[in-house]
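So the structure is just underneath, and the comments pick up after that.
The values are calculated or read from the model by the stated rules, or taken from the named source; none is laboratory data. Being a predicted model, the structure only gives us computed values, none of them experimental. Every residue, glycine as well, gets a Cβ built from its backbone with ideal geometry; the counts of neighbours run over all protein chains shown.
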């Protein structure tokens with residue numbers, strides 16, 4: 001099985017975060033924006049997002065993709081990496097985490113999530129199915145909103161696809 005080393009994944013996530021800040025926002029009325037409680041694709045699978053949220057795919061190829069979901073309320077950026085990527089966290093015994101929790105979702109999927117410190121930031125990382133999700137945690141409400149989204153991960157054949165952002169060269 002082909003996986004992306006975690007250092008490469010974090011570099012991609014950092015690039016995604018920096019590059020995406022310069023991208024134009026799509027107004028809530030645009031066709032790329034989901035409506036209240038709607039599912040949006042994260043390339044492989046989907047999540048339910050609050051009104052005004054937009055999913056962006058910023059990279060990937062064939063069996064792995066990455067991007068972010070810009071959540072309008074609360075203002076939050078959920079970074080995702082899906083497909084054939086290293087799981088983060090990789091289980092209850094993963095090293096470098098302040099804490100790790102697991103729960104079984106109603107779909108039967110196992111959700112593993114935890115908090116770790118990186119360069120002074122508190123990161124919440126979650127893995128469910130073939131997807132990894134990350135946020136920089138600034139408050140308890142960030143964590144609650146993040147987990148509410150991640151817990152909805154599942155399949156969807158007719159979900160709006162992510163807005164594809166082509167990195168500038």
Could you grab me the full set of residues in the range 78-108 that are surrounded by fewer than 20 Cβ atoms within 10 Å (Cβ to Cβ) and touching a helix residue (DSSP H, G or I) at 6+ places or on another chain (Cβ under 7 Å)? 86
Would a scan of the range 55-67 turn up a residue that is closer than 15 Å to residue 160 by Cβ, touching a helix residue (DSSP H, G or I) at 6+ places or on another chain (Cβ under 9 Å) and at pLDDT 90 or above? yes
Give the range 106-135 a look and list any residue that's over 22 Å from residue 68 (Cα atoms) and touching a residue at least 12 places away in the same chain (Cβ under 8 Å), or say none. 107
Filtering the range 110-125 down to residues that are within 16 Å of residue 148 (Cα to Cα) and surrounded by fewer than 16 Cβ atoms within 10 Å (Cβ to Cβ) yields 110
